[in-house]
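**Q** Can you read through this structure? Questions will come right after.
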Amino acid sequence: MIIETPGEAAATGHVAEMYAGDIDDDGFVFGHTRAMAVNPDAHAAFEDLIGAIVPSIGIRVYEAATLGAARAIGSTHCLLAHGRKSLRADVLDEDALEAFAAGDDAGFTPAEQVVVEYAAQLSDDPASMTDADTQALRDVGYSDRQIVDITLAAAARNFFSRALLALAVPVDEVPGLNPTIAAALTRSNAAGRSQPTADG
């Protein structure tokens, strides 16, 4: 990562909050947090966006959209982070998450699997999408508001994941995530990108 990020000792305001959140949870500041701390106002706006999306769709559907997009993009950062979040929120268990990493979405409900597929298509080839794609969401029961918020969740993951990839942010080990599952999620990097490790 060629950009210079704010140091912990000098961090104030939202940057200090970002760093403290990582340290309190995991004992260190993740590389992706440091990168976003260069523009803390943008990070705060992203958090506000997510906060406006989740209430209508709930955490399960949000994670389905997020993981579906991250797998399609090939974002190891977000697969690891949201893999752990999905485990902690009881969205998926370890077996289902490992299966997801291998392309098996059966750990999600049928309606959530439609979300995973929709998020993947949005991430892979959005220009080809038509009303039929959103109709698939409607057909499994999602409302107009939920369809919009599912779309925003997948698009938001594209924003965040692609920014981290473009900035060559190192991929940190995610504490508490089973190493076997972490390796499976890393292998599921759909784009086959060679991402930097924390050692460079």
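The values are calculated or read from the model by the stated rules, or taken from the named source; none is laboratory data. If you're wondering where the values come from, they're calculated on a predicted model, not measured in any experiment. Here the Cβ positions follow ideal geometry from the backbone for every residue, glycine too, while neighbour counts run over all protein chains shown. When the accessible area is computed, the model is the full protein with side chains, heavy atoms only, and any ligands, DNA or RNA have been set aside. Shrake-Rupley method; radii C 1.70, N 1.55, O 1.52, S 1.80 Å.
**Q** Out of curiosity, is ALA81 under 13 Å from the mean Cα position of the chain (by Cα), open to solvent by 10 Å² or more (accessible area, probe 1.4 Å), touching a residue at least 60 places away in the same chain (Cβ under 8 Å) and over 21 Å from ASP172 (Cβ atoms)?
**A** Judged against the criteria, ALA81 is not a match.
**Q** While we're on this one: Give just the number: which of (1) hydrophobic (A, V, I, L, M, F, W, C); (2) at pLDDT below 95; (3) in contact with a Cys (Cβ under 9 Å, 6 or more places away or on another chain) does ALA102 not satisfy?
**A** For ALA102, the exception is condition (3).
**Q** In the range 4-54, how many residues are open to solvent by 60 Å² or more (accessible area, probe 1.4 Å), at pLDDT 95 or above and among the aliphatic types (A, V, I, L, M)?
**A** Number of matching residues: 3.
**Q** Also, quick follow-up: Answer yes if at least one residue in the range 45-59 is within 25 Å of THR186 (Cα to Cα), part of a helix (DSSP H, G or I), in contact (Cβ under 8 Å) with a residue 40 or more places away in the chain and of a type in the set (Phe, Trp, Tyr), and no otherwise.
**A** Yes: one or more hits.
**Q** For the range 86-93, state whether one or more residues are assigned to a helix (DSSP H, G or I), free of Cβ contacts under 8 Å to residues at least 40 places away in the same chain and within 16 Å of the chain's Cα centre (by Cα).
**A** Within the range 86-93 (the criterion being assigned to a helix (DSSP H, G or I), free of Cβ contacts under 8 Å to residues at least 40 places away in the same chain and within 16 Å of the chain's Cα centre (by Cα)), the answer is yes, since at least one residue qualifies.
**Q** Working carefully through the options GLU63, GLU112, GLU98, find the one that is open to solvent by 30 Å² or more (accessible area, probe 1.4 Å), in contact (Cβ under 8 Å) with a residue 12 or more places away in the chain and not small (Gly, Ala, Ser).
**A** Being open to solvent by 30 Å² or more (accessible area, probe 1.4 Å), in contact (Cβ under 8 Å) with a residue 12 or more places away in the chain and not small (Gly, Ala, Ser) holds for just one of GLU63, GLU112, GLU98, which is GLU98.
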